[in-house]
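Heads up, the thing below is written out as structure tokens.
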Amino acid sequence: MDPASITPNRLFTDLAYLWPVMSPPEEYAEEAECWRILLREKFAPGRPHVLELGVGGGHNLSHLTEEVDATAVDISTEMLRHSISLNPGVKHLVGDMRRVRLGRNYHAVLIHDAISCMTTPRDLAAVFTTAAAHLKSGGLLLASPDYFAETLTLPRTECQTHTRGDIELTYVEYTYDPDPSDTMIEVIFTYFIRSGDSLQIEHDRIQAGVFPKPTWRRLMQTAGFDYSERTFHLRHWEYPYTILVGTLR
Ligand SMILES: C[S@@+](CC[C@H](N)C(=O)[O-])C[C@H]1O[C@@H](n2cnc3c(N)ncnc32)[C@H](O)[C@@H]1O
């Protein structure tokens, strides 16, 4: 099978109903605590206005909504539907994080793992420009890439089974680099979806960006941010969990 023949991004479109099965909101508690620490350091005891770009199912955000006043953007209406039901107090909008302009400023812009959907330096630069356009001087940008070029070794495979409600999902995930001369990698998924007596098998393909730390630093600085990194150690995580921190000059 030619990977190019697999329809991409099904996990965020027609198969988005699998997202809470594959990556349940409860599993984000420890990760979200790191975001809470950084937000509290800067804004406590206030309740900052935050904009999350690429909110997806809003799973990470769901652990922060008690402390922030949030607006959330995603390019996928199917993923937004999850976040709307999980985070009813959040304002949700459809938009592309590379070009959306909401015409207002926030205290902080959050971009969780969705930042890894940017596969080229040009797209990454556009997202940082979007972030800067929604902050005042001193405003905070937090982003947590899934991958850094310095620590990623490929190919990588993973297989897990998760059950939620009447769906049992087993997925095999194969991550590889189709072209080491560029910044894009690809994750090929096979989903085995059991519900009642039926077994459905689906394929998916998601592209992601991998950049070295100096590229993250340079692009954030070019967009007007002072750059720093905060690293946390999470249980069950292979790598240290790094959140990139930009402060708008
Ligand atoms: C892995 S999911 C995010 C999951 C999220 N962190 C959560 O806690 O549920 C990545 C999301 O990025 C969104 N996305 C990808 N490209 C985007 C773009 N250009 N603009 C806005 N959202 C985008 C996808 O639609 C998807 O919902």
Note to self: Taking the 0 to 90 degree range and rounding to the nearest ten, how far is the long axis of helix 213-222 tilted relative to the main principal axis of the chain, both from C-alpha atoms?
What the structure shows: 50 degrees
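Highest mean first, what order results for 86-99, 42-55 on Cβ atoms within 10 Å?
42-55, 86-99
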Item checked: Placed amide H near Ala72: partners under 5 Å, 5+ positions off or other chain -> Glu52, Lys91, His92, Leu93
Notebook entry, point to check: Which is farthest toward the positive dipole end of region 149-209 among Met184, Thr163, Ile201, measuring Cα position about the Cα centre, with Cβ charges +1 (Lys, Arg) and -1 (Asp, Glu)?
Noted result: Thr163
Check: How many angstrom lie between the C-alpha centres of region 23-51 and region 188-233?
Finding: 19 Å
Note to self: Per-residue counts of other Cβ atoms within 10 Å, averaged by peptide: what ranking do you get for 68-74, 164-170, 235-241, 31-37, highest first?
What the structure shows: 68-74, 31-37, 164-170, 235-241
Next item on the list: Please report, in Å, the Rg and the Dmax of the chain, where both are computed over Cα atoms only.
Entry: 17.9, 58
Next item on the list: Give me the lysines in straight-line cross-link reach of Lys91: C-alpha distance below 28 Å, same-chain residues under 8 apart excluded.
Entry: Lys42, Lys136
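Over the chain, calculate the relative contact order: mean separation of alpha carbon pairs under 8 Å at least 6 apart, over the residue count, as a percent.
Values: 505 pairs, mean separation 44.7, N = 249.
Result for the chain is 18 percent.
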Margin query: Apply the Karplus curve 6.51 cos²θ - 1.76 cosθ + 1.60, θ = phi - 60°, to the phi angles in region 32-41 and return the couplings in whole Hz, x for Gly and Pro.
Written below: 4, 4, 5, 5, 4, 4, 5, 5, 5, 4
Notebook entry, point to check: In bins 5 Å wide, starting from 0, what share of all Cα pairs of region 149-209 does each bin hold, as a percent?
Noted result: 4, 16, 23, 19, 13, 11, 7, 4, 1, 0
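Computed from the coordinates by the stated procedures, all read-outs in this text should not be read as laboratory data. Keep in mind the model is a prediction, meaning the values are calculated, not measured. Reconstructed Cβ throughout: ideal geometry from the backbone, glycine too, with neighbour counts over all protein chains shown.
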